[in-house]
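Notes follow once the structure below has been shown.
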Amino acid sequence: MTDTVIRALDASDAHLFDAMPDPLGTAEGHRLTRHRPDWKRVALRDGTVVARGAWWGGPDDTEPVVLNWFDVAEGEEEAGAELLRTAPWQAEIELNLPEDWRTDPTLRAAAGTRVNAAHAAGYELLVERYIYRWTPECGLPGRPGRLVFGPEPDDAVFLDALRRIHSVTLDAHAQRAIAEGGIDLAAQEELDFFHWCPSPREWWQIARTPDGEPVGIHIPAHNPSGPCVGFIGVLPEHRGHGYAYDLLAECTHFLAERGARFVAAGTDRGNFPMAANFAKAGYPVVKERLNFHVKRPAR
């Protein structure tokens, strides 16, 4: 077997990235995603592309925030691993998979090749997630009318709410941040994400009972690919009453009223309460996602 050649791409040879079969349908899933040519890399053997990766970030980011397109040909796990090892970035990997990948042998084998390559490069599975996409054809979820929603200009209010929400979180990314740097790190990472989104700061909302007691927060947002549910969180003392659904319904209405033709969202497969709320609100699962990361040192 000949040696693997790893190549970074630019505008002149970006076409090489598209010269590889796509059994998982990744290309269709990225038709709304803009990848920079210089954040794409391929592995070639005898001039044939056997692995490829496209890193992604916002328009103002100087480095990618995630690797969300990673393909490896059958039997080329080591080439895929070398593509990851030699990259100048160690961003989290998002492996996007069709909803039926677990039951379709061809899709399961293609996913397994990518997973093996990630493991060989030193990445480990962080979490499996459901990815949702609401459209107007799904129908707007009913608003229970139990809460009052309104903006809050003070970031400190949201930061305090995030600290309390993450004290009992089921979210794997927040749990990782807590393990590495405590509740404050988890809360700050969420707040940083809200600010990173290009949607208006004025969209962030606090949910309160009719007598003014805070219940939780919801963040209707746009990421660089379009409208999304940025965050849903209920304060610990108000859990057990189904308020996460109220927040999700309001977030959906908020975005739809501002012209959203779709709303993207996601939750961990292990977060059964939130998955049930997405189902109740009419959000269909459109794909699954495996998130891999290289462990960061504790702070």
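No lab work stands behind these numbers, since they all come straight from the coordinates. Just so you know, these numbers come straight off a predicted model, no measurement behind them. Don't worry about glycine lacking a Cβ; one is built from the backbone with ideal geometry, like all the others, and counts go over all protein chains shown.
Quick one: which of 154-161, 223-230 comes out on top by average Cβ neighbours within 10 Å, and what's the full order, highest first? Before the final figure, lay out each step's value.
Numbers: 154-161: 14.6, 223-230: 19.6.
Highest-to-lowest ranking by the protection proxy: 223-230, 154-161.
If you take the beta carbon distance between Asp184 and Arg45 as r and set R0 to 45 Å, what does 1/(1 + (r/R0)^6) give as a FRET efficiency, to the nearest 0.05? Please list the in-between numbers first.
Details: r = 47 Å, r/R0 = 1.04.
For R0 = 45 Å, the calculated efficiency reads 0.45.
Given bins 10 angstrom wide, list per bin the percent of all Cα-Cα distances in the stretch 207-247, short to long.
Distribution as computed: 29, 46, 20, 5 percent.
Could you state the principal axis extents of the C-alpha atoms in the stretch 186-299, from the largest down, to the nearest angstrom?
That works out to 45, 34, 28 Å along the principal axes.
Sticking with the crude label model, points 7 Å out along Cα→Cβ, report the distance from Asp211 to Asp61 in nm, one decimal please.
4.5 nm
Choose one of Phe17, Leu170, Leu125: the residue whose Cα lies farthest towards the positive end of the charge dipole of the chain (beta-carbon charges +1 Lys, Arg; -1 Asp, Glu; about the Cα centre).
Result: Leu170.
Viscosity 0.890 mPa s, temperature 25 °C: what is the translational diffusion coefficient of the stretch 1-56 from Stokes-Einstein with a Kirkwood Rh over Cα pairs, rounded to a whole number of µm²/s?
For the chosen part, D equals 207 µm²/s.
Once both labels are modelled 7 Å past Cα along the beta-carbon direction, what's the Asp18-Asp3 spacing in nm?
3.1 nm
Go through 285-295, 204-214 and give me the packing order, highest mean Cβ count within 10 Å leading.
285-295, 204-214
Which of Ala81, Thr135, Phe193 sits closest to the plus end of the dipole of the chain, meaning its Cα is farthest towards the positive end, when Lys and Arg get +1 and Asp and Glu get -1 on the C-beta?
Of the candidates, Thr135 comes out farthest on the positive side.
Hey, how many Å between the Cα centroid of the stretch 27-83 and the Cα centroid of the stretch 141-171?
Result: 36 Å between the Cα centres.
How large is the convex hull of the Cα atoms of the chain per residue, expressed in Å³ as a whole number?
135 Å³
Taking the convex hull of the Cα atoms, report for the stretch 217-283 its projected area averaged over all directions, in nm².
4.6 nm²
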